[in-house]
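Working notes for the structure below.
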Amino acid sequence: MAPVRVNLIAAGFVDTPLSASLLGDQLEERRNELRATLPIGRVVGPADVAALAVHIMANTALTGATYDIDGGQQLVS
């Protein structure tokens, strides 16, 4: 089975129903905090993660890498 490609998507906070259920009453506070501090100025959504996954699958030269998708949170942390 070749070529075998392995890539990792390392997502930060993604605004999903699971996030909402875990944060409960603190969800809107977290969203506002991220909007104010992230370089992209908004919260990462499922469509952002899906677009990255499609890009990784479409570009067959990508392998053996970790892709952080966190709206730039690592830059400001």
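The values are calculated or read from the model by the stated rules, or taken from the named source; none is laboratory data. Since we're looking at a predicted model, the values are computed, not measured. Every residue, glycine among them, receives a Cβ derived from its backbone with ideal geometry; neighbour counts consider all protein chains shown.
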Considering only the range 64-77, state which residues are of a type outside the set (A, V, I, L, M, F, W, C), surrounded by fewer than 16 Cβ atoms within 10 Å (Cβ to Cβ) and in a helix (DSSP H, G or I). Gln74
Across the range 9-49, what is the number of residues that are exposed (fewer than 11 other Cβ atoms within 10 Å of the Cβ) and within 24 Å of Gly64 (Cα to Cα)? 2
Out of the residues in the range 36-63 meeting the condition of being assigned to a helix (DSSP H, G or I) and touching a residue at least 12 places away in the same chain (Cβ under 8 Å), tell me which one is nearest to Leu75 (Cα to Cα). Thr37
Does Val4 satisfy being at pLDDT 95 or above and either touching a strand residue (DSSP E or B) at 6+ places or on another chain (Cβ under 9 Å) or surrounded by fewer than 10 Cβ atoms within 10 Å (Cβ to Cβ) (or both)? no
